[in-house]
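The values are calculated or read from the model by the stated rules, or taken from the named source; none is laboratory data. Predicted model only: the values in this text are computed from it and were never measured. Neighbour counts run over all protein chains shown; Cβ positions are idealised from the backbone, glycine included.
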Amino acid sequence: MIATRRLAQSELPIAVDLIRAGAVVAFPTDTVYGLGCFNLDRLYEAKERPREKRIAYLVAAVPADLPDAARRLAAAFWPGALTIVAGDDAYRMPDHPLAVALLQATGPLPVTSANRSGAGASGDPDEVWSQLAGRIDALLDAGPCPGGRESTVVDLEGNILRQGAISAEDVARVLADG
């Protein structure tokens, strides 16, 4: 069992240092709390996530090598609640100032929702604490997330892999306008 630290927003530099040292840290996004760590083994273990499920990268800037269709989606929906699957990777730019500040300090970060696999994702830090305290190194607590619903996940053909905050119709409209 890990001694999990509960950090205030003002302790963002501590959270950044922990992540850089390989720690697993939960933090707020515009949708739900995320769980980030550069060590994928630790991330899968903390969440008890099946290995066949990939983990997206949260970013503070649009990756330079995104294909055109992904760039159109990013221009329309980022920052925001759309995760774009491009090849073997997936990316999302959150619309939350604390998450963006963390990502600006760490660079692109592998992140999954901050819950145990099979349990619902949550925008409530107390729920994250109850599910993950003792399994993660820290929770950066900034109160409830404003969105409360997971991001929509889409591939470059417009297939919705997980319905979330952004509608399939809105995604299709952007891809059709390309």
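Below are the figures for this structure:
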| read-out | value |
| --- | --- |
| Test: residue in the range 134-152 that is among the polar types (S, T, N, Q), in a loop (DSSP other than H, G, I, E, B) and either at negative phi or surrounded by fewer than 21 Cβ atoms within 10 Å (Cβ to Cβ) (or both) | yes |
| Flag for residue 54 being surrounded by fewer than 20 Cβ atoms within 10 Å (Cβ to Cβ) and under 15 Å from residue 109 (Cβ atoms) | yes |
| Criterion violated by residue 87 - all others in (1) on the phi > 0 side of the Ramachandran plot; (2) touching a Ser or Thr at 6+ places or on another chain (Cβ under 8 Å) satisfied | (2) |
| In the range 65-80, residue surrounded by the fewest Cβ atoms within 10 Å (Cβ to Cβ) [restricted to those that are part of a helix (DSSP H, G or I) and among the aliphatic types (A, V, I, L, M)] | 75 |
| Any pair with Cβ under 8 angstrom, 6 or more apart, that starts in the range 100-123 at a residue that is under 22 Å from residue 165 (Cα atoms) and ends at one that is among the acidic types (Asp, Glu) and surrounded by 14 or more Cβ atoms within 10 Å (Cβ to Cβ) | 113/150; 115/127; 121/150 |
| Single residue of the range 163-178 satisfying the filter (assigned to a helix (DSSP H, G or I), within 16 Å of residue 78 (Cα to Cα) and of a type outside the set (Asp, Glu)) that is modelled with the lowest pLDDT | 175 |
| Selected residue (criterion: nearest to the chain's Cα centre (by Cα)) from residues of the range 109-133 that are closer than 20 Å to residue 10 by Cα and in a loop (DSSP other than H, G, I, E, B) | 123 |
| The listed residue being surrounded by 22 or more Cβ atoms within 10 Å (Cβ to Cβ), at negative phi and outside any strand (DSSP E or B), out of 62, 32 | 32 |
| Members of the range 32-82 found to be free of Cβ contacts under 8 Å to residues at least 60 places away in the same chain and of a type in the set (Val, Ile, Thr), listed by number | 55, 59, 62 |
| Single residue of the range 81-91 satisfying the filter (small (Gly, Ala, Ser) and in a loop (DSSP other than H, G, I, E, B)) that is modelled with the highest pLDDT | 81 |
| In the range 92-108, the residues that are buried (at least 23 other Cβ atoms within 10 Å of the Cβ), not in a helix (DSSP H, G or I) and not charged (D, E, K, R) | 93, 94 |
